Structures are given as structure tokens and as C-alpha cells.
1. Could you report the accessible area of L98 in Å², rounded to 10, computed with a 1.4 Å probe on the protein chains as they sit in the structure?
2. So, R0 is 25 Å and r is the distance between the beta-carbons of A108 and Q41; what FRET efficiency does that work out to, to 0.05?
3. May I ask for the net charge around R193, where only other residues with Cβ less than 14 Å from the Cβ of R193 are counted and Lys, Arg are +1 while Asp, Glu are -1?
4. Can you sort I61, I32, I111 by solvent-accessible area, 1.4 Å probe, largest first?
5. Note down the accessible area of V120, probe 1.4 Å, to the nearest 10 Å².
6. Using DSSP to call loops (not H, G, I, E or B), can you name the trypsin sites (Lys or Arg not before Pro) in the stretch 134-214 whose Cβ has at most 14 other Cβ atoms within 10 angstrom?
7. Under 5 Å between amide H atoms, partner at least 5 residues away or on a different chain: which partners does R138 have, H built in plane at 1.01 Å?
8. Between beta-carbons, use under 12 Å as the cut-off and find the net charge around A181, counting Lys and Arg +1, Asp and Glu -1.
Amino acid sequence: MMITLRNLSVGSMAAMAILAPASAQTATEQPIIYLNQAWSQDDRDWYYNFSQGSAVIPYDIFLNLEVADSQELFRSNSNSDRFGLIPQNAGPNNPDGLPIGISKTTVATPIGAWSAGDYVGLNCAACHQAQLNYKGKRIRIDGGASNTFDMQAYVKALTAAMTSTLNDAAKFDRLAVRLGATSADAKAKLRQRFDREESAIRQYATRDTATYWP
């Protein structure tokens with residue numbers, strides 16, 4: 001259901017720099033320094049968020065989901081940064097300001113557990129896009145292996161956010177308002193849909209834990 005990529009070390013380049021804590025950086029801090037790799041900005045804009053078919057949960061739910069223990073949105077820059085993803089500002093090719101490696105996939109025809117619609121997932125850039133934070137500089141290595149994204153922790157946190165929202169009436173009500181489900185009928189339908197998605201995420205997280213953490 002989710003693309004699984006193995007994290008690799010940044011390699012010899014990391015030995016030349018001191019990585020700042022993830023929480024010390026935001027998408028609006030220092031200008032980014034790009035290495036001369038013959039990548040155009042169009043190349044970057046495409047690579048950072050292009051879809052590879054990974055469809056995890058509905059896109060509208062992801063955009064409006066809160067983290068488990070607060071009202072902060074799960075997709076916020078600070079939460080993405082917390083798990084080692086590289087935040088980005090919104091732009092023409094990334095209108096919702098998704099972090100690097102998070103993509104939008106449109107399922108045109110229902111298949112298996114997926115209904116037609118927009119979903120969020122991962123692409124290769126989540127694990128294969130590097131950034132060194134060194135002496136206040138942000139040095140971007142396009143296509144380089146990242147050693148910061150903790151995908152196991154991210155999946156667990158996403159599962160906790162889904163389960164918490166399902167079980168906390170106030171959290172669910174806030175989600176419903178954000179999604180425009182204000183009538184009793186609309187909220188009931190949203191809860192049925194959300195229950196299916198939470199179950200699927202929880203099952204994936206259980207298998208993922210069993211695979212990597214015996």
C-alpha cells in the first residue's frame with residue numbers, strides 16, 4: 001500500500017558538515033544553495049513531488065488531519081520536519097506546500113481497496129533527496145541519499161493521528177468542519193469512510209512493525 005524505501009547514508013559529504021537538528025530549520029529560513037548538478041528548477045519541481053502511484057490515505061484527509069496529541073496539522077512544516085522530511089513552501093507546482101517526497105496520486109478507476117479520487121503517498125525523493133544544514137546554510141543535494149527521514153516513526157505517528165481522530169469526538173468534529181461535513185448525514189458518511197481508512201493504515205503499520213522490528 002505504501003512504497004517502502006530503505007534509508008541510506010549521505011556518505012562522504014556528511015563527514016564534511018555538521019547536520020543541525022531537524023527542528024532548527026523551516027521552509028522559510030536561509031536561501032537554499034544548490035550544487036551544480038545540471039538540474040533545472042523545473043527538474044526539481046517535478047522530482048520533489050511527482051507521483052509514483054503510491055496511494056496511502058485520501059488526500060483531503062491528509063491535508064486536514066491533526067497530530068495525535070494536539071491540534072497541529074499532521075502535514076504542517078514543523079511536523080514534517082520532526083520526522084526528517086524537507087519542508088517546502090507552496091508554489092505553482094506544489095499548491096498545498098507538501099514536503100519533499102510527499103506526492104498526490106489520482107486514482108481514476110476504483111481498484112481493490114481504493115476508490116476513485118485523490119490520495120497522498122510517498123515518492124523516491126522522500127529517501128533520496130539530501131539537504132545539509134551547515135552553519136546556517138541549507139545545501140541541497142538533488143537526488144542524494146537522505147539519512148534523516150524516519151519512515152517507521154512517520155507511519156506510526158500517522159497511525160496514531162488517525163486512531164486518535166477516530167476515537168476523539170472533538171478531533172473528529174474539527175476534521176469534519178475542515179472538510180465541510182457539517183450535517184449529521186455528512187458526518188456519518190465521513191466517519192464510515194474514515195473508519196475504513198484508519199483500519200487500513202493500522203493494518204499496514206502492524207505489518208510494517210513486524211517486518212522491521214521483530
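1. Result for L98: roughly 10 Å² accessible.
2. In this case the efficiency is close to 0.30.
3. -2
4. I111, I32, I61
5. Counting only protein heavy atoms, the figure is 10 Å².
6. K135
7. Those lying under 5 Å, H to H, from R138 are I33.
8. +3
The values are calculated or read from the model by the stated rules, or taken from the named source; none is laboratory data. Note that the coordinates shown come from a computational prediction; the quantities given were computed from them, not determined experimentally. Neighbour counts run over all protein chains shown; Cβ positions are idealised from the backbone, glycine included. Quick note on the areas: whole protein, heavy atoms, side chains included, nothing else; ligands and nucleic acids left out. Shrake-Rupley method; radii C 1.70, N 1.55, O 1.52, S 1.80 Å.
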